[in-house]
1. For the stretch 121-234, please list each of the helices (runs of 4 or more DSSP H) lying entirely inside it that holds at least 1 residues being without any contact (Cβ under 8 Å) to a residue 40 or more places away in the chain and among the β-branched types (Val, Ile, Thr).
2. Which condition number in (1) within 30 Å of THR101 (Cβ to Cβ); (2) among the polar types (S, T, N, Q); (3) surrounded by 21 or more Cβ atoms within 10 Å (Cβ to Cβ) is the one that THR190 fails?
3. Give the residues of the stretch 121-150 that are under 20 Å from ASP63 (Cα atoms) and aliphatic (A, V, I, L, M), sorted by residue number.
4. Might you let me know whether the stretch 26-42 holds any residue that is under 13 Å from the mean Cα position of the chain (by Cα) and of a type in the set (S, T, N, Q)?
5. Does the stretch 153-164 contain any residue that is closer than 18 Å to ASN89 by Cβ and surrounded by fewer than 14 Cβ atoms within 10 Å (Cβ to Cβ)?
6. Within the stretch 43-76, which residues are within 17 Å of the chain's Cα centre (by Cα) and of a type in the set (Val, Ile, Thr)?
7. Out of ASN139, ASN120, which single residue is over 20 Å from LEU223 (Cβ atoms) and buried (at least 24 other Cβ atoms within 10 Å of the Cβ)?
8. Of all residues in the stretch 26-85, which are among the polar types (S, T, N, Q) and in contact (Cβ under 8 Å) with a residue 12 or more places away in the chain?
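Read-outs: derived from the displayed coordinates by stated rules, not from any lab. Since the model is a prediction, treat every value here as computed from it, not as a measurement. Counting neighbours? That spans all protein chains shown, and the Cβs are built from the backbone with ideal geometry, glycine included.
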Amino acid sequence: MLNGKTAVVTGGAQGIGAAIALKFASMGADVAILCRSGEEAAAPLLERIRSEYGVNARAYRCDVSSYEDSKAAVAEIKKDFGTVHILVNNAGITRDGLVATMKEETWDQVLDTNLKGAFNMIRHCTGLFLRNREGCIINISSVSGMIGNPGQANYSASKAGLIGLTKTVAKELGSKGIRCNAIAPGFIKTKMTEDQENSPLLSMIPLGRMGEAEDVAQAAAYLAEAGYVTGEVLRVDGGIAM
C-alpha cells in the first residue's frame, strides 16, 4: 500500500494518467495531477478520488515542456503536500507524419513534451527525493520507442529517449534509494488511439485486442511498490513487441 505517500502524475486528467491516479489513490496515496488545463479539466477525477478514497487530491496547471513551469508546479506541490515520493511522467502528445516531410516544429513539440518534460520533472523532484532518502520515478514510454512505428519518427524517438533516460537515472540515483523504471504500453484504448481501433496492426497483437488504461495502472502500482526493481522497462502491450 501507499499510505502516507504523495504521487505526482503528469498528464493525469484523463486516459492512462487518470487511471494511474485512481489506482494510486485506491492504495492510499495522496495525488497531485499536472495538466495543461489545470483543475477545471481534472475536476471530475478529483471529486471521484476524494469521495471514493478519502485522500488529498489536487490539480495544477503546468506545461511540462517548460523548465520554469515544471519548477513552479513542483514548488506548489511541495507547499501543499510537503513532499513527493512518486513521480509518474505520463504527459505525452503525438504529431504524426513521415520523416521526409516532417516540419521542425512538429519534431520539437513532441520531443519537448514527451522527453524534455520528463527530464524537467525529474530534475525538479530529485531534491525532494534526496531529502526523503527515497523516491520512485515511473516514465511512460511506448513500444513505439522499442520497435519504431512508421509515421511516428518524433514520437518513437521521444519514447526511446525515455528508456535511455530511465536507465541513466536509475544508475545515477540508485545509491540514494531512488528507483527509476519505465512502462512501455502498446495499443491502449485512449483518446490518443481512438482512430486506431480498426488498425491492421491489431492483428499483430498475440492477445488479439487493445489494452485498457487500467492495465497500465496495474503495472504502475507494481513498480511503485517493487523496492528491488530499477532500470526496468515493463511492456504492457499484449505481446506485440515480443
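1. 153-173
2. (3)
3. MET121, ILE122, ILE137, ILE138, ILE140
4. No; the residues of the stretch 26-42 include none that is under 13 Å from the mean Cα position of the chain (by Cα) and of a type in the set (S, T, N, Q).
5. The initial filter retains those residues of the stretch 153-164 that are closer than 18 Å to ASN89 by Cβ, namely 154-164.
Going one step further and asking which of them are surrounded by fewer than 14 Cβ atoms within 10 Å (Cβ to Cβ), we end up with 164.
Yes; the residues of the stretch 153-164 include at least one that is closer than 18 Å to ASN89 by Cβ and surrounded by fewer than 14 Cβ atoms within 10 Å (Cβ to Cβ).
6. Within the stretch 43-76, VAL64, VAL74 meet the criteria.
7. Working: ASN139 fails: over 20 Å from LEU223 (Cβ atoms).
Among ASN139, ASN120, only ASN120 is over 20 Å from LEU223 (Cβ atoms) and buried (at least 24 other Cβ atoms within 10 Å of the Cβ).
8. Restricting attention to the stretch 26-85, the residues satisfying the condition of being among the polar types (S, T, N, Q) are 26, 37, 51, 56, 65-66, 70, 83.
SER26, SER37, ASN56, SER65, SER66, SER70, THR83, listed by residue number.
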